[in-house]
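Single-structure report; data block below.
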Amino acid sequence: MKIMTMMRTIKDICRCLNTVFISSVILFLSTANASAQKLKINDLGYFETRGVNIFVFSNQYNGMFNDEKNAGIEIIHHGVRTSTGGAVRLQNTPEQWDLVPTVISRKVNKDNNSIDVELKYGDYDFNSSINVTSKDNGVMITVSLDKPLPAKLEGKAGLNIEFLPASYFRKTYLVDGKPGGFPLYPSSSTTMEPLTQKVLQYAGHSTFDDRGRKEFIVPGPLATGKIILMAPEDPENFVKIQALDGDLMLFDGRNLAQNGWFIVRSLLPSKKTGNVLQWYLEPNAIPNWKRAPVIQFSQVGYHPGQEKVAVIELDKNDTPLTKASLYQVTPEGKFVEKLTANLVQWGRYLRFNYLKFDFTSVRDPGIYFLKYGDQSTSTFVIGPDVYANIWHPTLDVFFPVQMDHMMVNEAYRVWHGAPFLDDALQAPINHQHFDGYRMSDVTDTKYKPLERIPGLNVGGWFDAGDFDIQTLSHVSVLLNFVDTWEKFKVDRDETFVDQATRYVDIHRPDGKPDILQQIEHGALNVVAQVENIGHPVRGIIVPNLHQYHHLGDAINETDNLPYNPDLKPYESDGKSSGTMDDRWVFTNRSAALDYSTAGALAAASRALRDYNRSLADRCLAAAKKMWDENFDKPQNTNQPGGQMFISGSEMSAALQLYITTKEDKYSKRFTELLWPSLDRSVAGRGGISTALQALPYMDNDFKTKLKGYIIKYKESIDAFAKENPYGVPITSRGWGGNSGVINFAITNYYANKYFPDIVSPEYVYKGLNYIFGCHPYSNISFVSAVGTRSKEIAYGNNRADFTFIAGGVVPGLLLFQPDFLENKEDWPFFWGENEYVIDICSAYVFLSNAVNEMVSK
Ligand SMILES: [Ca+2]
Ligand SMILES: [Ca+2]
Ligand SMILES: [Ca+2]
């Protein structure tokens, strides 16, 4: 009620003040038609004119993480994706776990420049159609209904479109002529409504902790009117929207969720069919606009002896220049032209043209920058020790910050207190968790649903930007860290770790190698799973959605007190609590997980042998137990990943157990599995890399036999140079592909080490150059705080502060169909672009040490 009153008031004021203004805007809109801008549907199925692209469900909600802010009607405005989520939606400001529509049909009508989509909300048996047609300098968006709105959605379903806050910060709007400023921080008015009024969220979960009051928050509008002009002062972001029927409302989604956007919305009318709602939408287009070239290079710099090739990304309407230059910065602060050379045209990749600038001939150590046209890059270094410190932030800062069950301090700052001391309860059966975890109709343990499983509040890392323990990513970290320890004897000591008092202090040596302390910390949790449950588990995670989206100190994600059913919710006796917030353990058993874990624990037992003997023994015992309980037993191949995943995991277990125990039964099984797997594919992840890692422990025949596969592998990696100008595998759907690039470089390191005649060191550098800035879209390093310019806004657990965790490596570029790669550096909340995950970070530590070994030769 209160909302309606407020809206009417604002509307009335606007109407009185702005009648004159509105008619002049309409006049303006219609006179602008004379100019050339016309959005036409191109061969890729989206509306295009120079400076403006409008996608209409080129990207659809894929159901993986619900609303990822990457589907529906979207605007790429002067090269930047500034708008998404144009669709019929059921909330003023949809959150990630609010219902998203399914696309039933999509028709592109190129001849009359129009796209039709039909949307469905299955939970409400509600279908709607949207037509987008080019008109004047924009598009008309028409919503039509065959049947009237379901009663439950009256006053709730509406046409929404969302605008990226970062693109509108420090800018203004006019709604029916009434000016306002886009808020830098959310502080608009909200009201409470009874829970009975709430539209469902994903699978009945709720993002809101209502403390038992059965209510929810409804954000009120910042402004209401017929015409909204977004950022009229800024030609690059100026968008006009006019409602032909109904009212427009402008909302700030961040009142409900820090990752919310600015939303323009009109409610669909009740009890009507046919064309029920129409908007005219016009993103301003700067005449003859061209995206500025992006000069892509390694922000870390280059070793004197390596190839040095910058890639220049050009708008397809840009005319390529013939030359670029390398400048050196002298000790006097002067810039000296060191090299000017011809550019080589590489050609088209997705939506841009690419040039290459080769400055390999320059070998003198020093500070340099690149110049193309009137554009200069940030400085970078050419020198023998450019790679020496690149992994320090990852091991010194990122990994300590991810350490679970510990308080983590850094100088004057506490990153987090010791969290999750109330771990953990047996997850109930037949449960689908919102983060992908699942329980079948059995627990596969001796514990009853929701019974406490002892011994799990120790060790482990926060998996990513969220705070769960994922066993498989622990397996990767343990294997990568053991490899790093064994091959490079990394004894760096910049972290104080005291397990007894659960205290970690960053930049404080304690006489113990940090990498062993990390291996110990990961192993402590994984071995505790096997000892207390009988086998490893998929993960340990909070049960409630209103806990899961936690931002802030991890210690507050639960109350840190074990659940006590004798107390009421939110009641505590000081030692336990009646709030069901303890994490749940997802315990279904799988052979692949058992084998993977066996491999990681067998490896950890070697690294820990002289550091923590009793833990080393426990790790090896657990590894052997997992092997014995799975080997030669019938397996359920319906598990995630199926037979291929099981055999890859078994291979890893066999190899690691062999290296640890030298027992022939393991090496026999390893080679039995390896060759058929290489015959299936040399390109697949795992096979060739595992074979190369095994090589030092195998006989000479092994190396001879492997050589043929390395030749085939070399052919497979050379194909990348034809696919894209960077020569690395770019996978970019759903989740950015940096992990694949790092693993590609690691495999190439091994291949170069053992078969230098076949694979040159450049195949390793290519991967590193890409991670450090020689990649599409921008030229920043994907490793926070490594390189002159690097990711300073990322999806760590501190993302709401628009900041980073030093040493974190992000997934990188996400592909928006059909041709737009993106990695935002002003918006931290795209997990597929910007979320640090522990396994990629540990692989990066290995690769960094590998490249240092290479350059020291
Ligand atoms: Ca997670
Ligand atoms: Ca240490
Ligand atoms: Ca608790």
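Each reported figure results from applying straightforward, stated rules to the coordinates on display, with no laboratory input. Everything numeric here is computed off the predicted structure, so don't read it as measured data. Using ideal geometry, Cβ is built from the backbone for each residue, glycine included, and neighbour counts are taken over all protein chains shown.
A few points about this structure:
- Figure legend: label point modelled 7 angstrom from the Cα of Arg733 along Cα→Cβ; residues of the stretch 103-125 with amide N under 17 Å from it are 103.
- Relative contact order of the stretch 474-514, pairs being alpha-carbon contacts under 8 Å that are 6 or more residues apart, as %: 34
- Net dipole in debye of the chain [+1 Lys, Arg Cβ; -1 Asp, Glu Cβ; about Cα centre; nearest 20]: 1760
- Angle in degrees between helix 514-533 and the longest Cα principal axis of the chain, rounded to the nearest 10: 90
- Partners for Lys178 among aspartates and glutamates (Cα-Cα distance below 16 Å; same-chain residues under 8 apart left out): Asp12, Glu233, Asp247
- Distance between the C-alpha centres of the stretch 200-224 and the stretch 528-570: 23 Å, rounded to the whole angstrom.
- Global geometry of the chain, whether rounded, prolate or oblate, following the gyration tensor of its Cα atoms and the 1.5 cut on a/c: oblate
- DSSP-loop GluC sites (Glu not before Pro) across the stretch 177-259, with at most 11 other Cβ within 10 angstrom: Glu233
- Charge tally in the Cβ shell below 12 Å around Gln426, where Lys, Arg are +1 and Asp, Glu are -1, Gln426 excluded: 0
- Most to least packed among 444-451, 665-672, 475-482 [average Cβ atoms within 10 Å]: 475-482, 665-672, 444-451
- For the stretch 353-404, the Cβ-based charge dipole about the Cα centre amounts to some 240 debye (Lys, Arg positive; Asp, Glu negative; other atoms uncharged).
- Loop-resident sites, the stretch 215-316, for trypsin sites (Lys or Arg not before Pro), counting at most 12 other Cβ within 10 Å (DSSP): Lys271, Lys316
- As a rough guide to protection, the peptides 134-145, 810-821 ranked by mean Cβ packing within 10 Å, highest first, stand as 810-821, 134-145.
- At an R0 of 22 angstrom, the distance between the Cβ atoms of His507 and Asp553 translates into a FRET efficiency of 0.65.
- With the simple model of a label 7 Å out from the Cα in the direction of the Cβ, Ser361 to Lys446 spans 7.5 nm.
- Helix axis angle, 591-608 relative to the chain longest principal axis, alpha carbon, degrees: 60
- Ordering 627-633, 217-223 by mean Cβ neighbour count within 10 Å, with the highest value first, yields 217-223, 627-633.
- Helix 700-718 vs. the chain, principal-axis angle (Cα, 0 to 90°, nearest 10): 20
- Each helix, a run of at least 4 DSSP H residues, gives -39500 (n - 2.57); summed and divided by the residues of the chain, these come to -8500 deg cm²/dmol at 222 nm.
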